[in-house]
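The values are calculated or read from the model by the stated rules, or taken from the named source; none is laboratory data. Since this is a predicted model, take the numbers as computed values, not measurements. Counting neighbours? That spans all protein chains shown, and the Cβs are built from the backbone with ideal geometry, glycine included.
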Amino acid sequence: MALVTTYSQKRKEKSIDWLTIMNEGMKVLVATEKPFAKAAVDGIREIVEKAGYELALLEKYTDRQQLLDAVADADALIIRSDKVTAEVVDAAKKLKIVVRAGAGYDNVDLAACTARGIVVMNTPGQNSNAVAELALGMMIYMSRNQFTPGTGHEIHGKKLGIHAYGNVGRIVGRYAKALGMKVCAFDPFTDPKVFECDDVETVGSVEALYSSCDYISVHIPATEQTKKSLNYDLLSKLPKGAVVVNTARKEVVDEEGLMKVLSEREDLKYVTDIAADNQAALNEKFGKRVFATPKKMGAETAEANINAGLAAARQIVEFFVNGDRKFQVNK
Ligand code: 3PG
């Protein structure tokens, strides 16, 4: 009763709605080493503040301690590729939910979060179009010798192998078909009806995919099973002149294997949105046959930032208000 009286008094005094009063003191931290576009931050702020929470922003941080300090009083956290380690979880004593504004959540220590009862979510599909467009752009960029003068190739009529047919892979396939490519996919986790519906050919093994396609677009997550799975044996199966496009994760590539196969096969090319640890050596040795973006930019569009950022903010509000856990990944 006393609590109700306090709320109604506050309501009268401040003339703010009940949700604001209920949520007073709750803090949502947006911690992005690689910041969202301003429009996305504005949208996140609007959603968060309308729900009665406070928004805190930590952008372009350079020191891990800044993140550790910022999470100390946060109830909810929105991140991109920012690493939520056990140390971060330990420093975040009030944290109840982490939303990775994006698809891959390999940057979050799920075990540490689960142990503390912290809900972890992603925002699947929200930045897929941006990543798919980049994958297509990279294919063309490599086919035209990184836009250096000289004769290149067209992608029209060539065969594209999509390695994992999730949200991004599916869009890549659709766009590639529109550009006149033949599209083939390998994904044992996708319902065969999806391939039928999209009229996309499938193969029964990853080896069959790599040995039959002129371009490979990689969309697998980094897991214990997939790490270093693009190894020498698999890459050696590529047909003459093939191009591997990686907009997924660097961890899925066995870098020594890649180095070896590129040394032995002068016809192969590798382009990535996530520089390999040995990228400098790759660049020096293979020149225009390899390329890495200076910083991961697949999801670096205003549209993707807005889609993923606002979805993250909405998911946090839905979680606190209605207990909605639809996108929880640590169940
Ligand atoms: C993702 O997993 O959604 C992408 O890799 C985007 O990552 P980013 O938010 O760090 O750009």
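Consider only pairs whose beta carbons are under 7 Å apart and that are at least six residues apart or on different chains; among these, list those whose first residue lies in the stretch 48-74 and is assigned by TED's automatic domain parsing to the domain that holds Gly309 and whose second residue is among the hydroxyl-bearing types (Ser, Thr, Tyr) and surrounded by 14 or more Cβ atoms within 10 Å (Cβ to Cβ).
Filtered contacts from the stretch 48-74: Gly52/Thr20; Glu59/Thr32; Leu67/Tyr61.
Name the helices (runs of 4 or more DSSP H) wholly within the stretch 131-224 that hold at least 2 residues that are within 16 Å of the ligand (Cβ to nearest atom) and outside the structural domain of Asn307 (by TED's automatic domain parsing)? Steps first, please.
Numbers: elements: 167-178, 192-198, 206-212.
The qualifying helices (runs of 4 or more DSSP H) are 167-178.
Across the stretch 86-108, what is the total count of residues that are part of a loop (DSSP other than H, G, I, E, B), on the phi < 0 side of the Ramachandran plot and within 16 Å of the ligand (Cβ to nearest atom)? Full working, then the answer.
Of the stretch 86-108, the ones part of a loop (DSSP other than H, G, I, E, B) are 92-96, 101-107.
Within this subset, residues satisfying the condition of being on the phi < 0 side of the Ramachandran plot are 92-96, 101, 103-107.
If we keep only those that are within 16 Å of the ligand (Cβ to nearest atom) too, we end up with 101, 103-107.
Within the stretch 86-108, residues that are part of a loop (DSSP other than H, G, I, E, B), on the phi < 0 side of the Ramachandran plot and within 16 Å of the ligand (Cβ to nearest atom) number 6.
Residues in the stretch 295-304: is at least one exposed (fewer than 15 other Cβ atoms within 10 Å of the Cβ) and either free of Cβ contacts under 8 Å to residues at least 12 places away in the same chain or over 28 Å from Ser128 (Cα atoms) (or both)?
Residues of the stretch 295-304 that are exposed (fewer than 15 other Cβ atoms within 10 Å of the Cβ), as a first pass: 295, 302.
Narrowing the set further to residues that are either free of Cβ contacts under 8 Å to residues at least 12 places away in the same chain or over 28 Å from Ser128 (Cα atoms) (or both) leaves none.
The answer is no; no qualifying residue exists.
Going through the stretch 59-77 one residue at a time, which ones are crowded, with 20+ Cβ neighbours inside 10 Å and outside any loop (DSSP other than H, G, I, E, B)?
Our first condition is that a residue be crowded, with 20+ Cβ neighbours inside 10 Å; within the stretch 59-77, this holds for 67, 70-71, 74, 76-77.
Passing the criteria: Leu67, Ala70, Val71, Ala76, Leu77.
Name the single residue that is surrounded by the fewest Cβ atoms within 10 Å (Cβ to Cβ) among those in the stretch 109-130 being of a type outside the set (A, V, I, L, M) and assigned to a helix (DSSP H, G or I).
Taking the stretch 109-130 first, the residues of a type outside the set (A, V, I, L, M) are 109, 113-114, 116-117, 122-129.
Narrowing the set further to residues that are assigned to a helix (DSSP H, G or I) leaves 113-114, 128-129.
Values: Cys113: 23, Thr114: 14, Ser128: 24, Asn129: 19.
Among residues in the stretch 109-130 that are of a type outside the set (A, V, I, L, M) and assigned to a helix (DSSP H, G or I), the one surrounded by the fewest Cβ atoms within 10 Å (Cβ to Cβ) is Thr114.
Restricting to the stretch 278-317, name every residue that is within 16 Å of the ligand (Cβ to nearest atom) and of a type in the set (D, E, K, R). Let's see the steps before the verdict.
First pass over the stretch 278-317, keeping only residues within 16 Å of the ligand (Cβ to nearest atom): 292-313, 315.
Listed by number, the residues that qualify are Lys295, Lys296, Glu300, Glu303.
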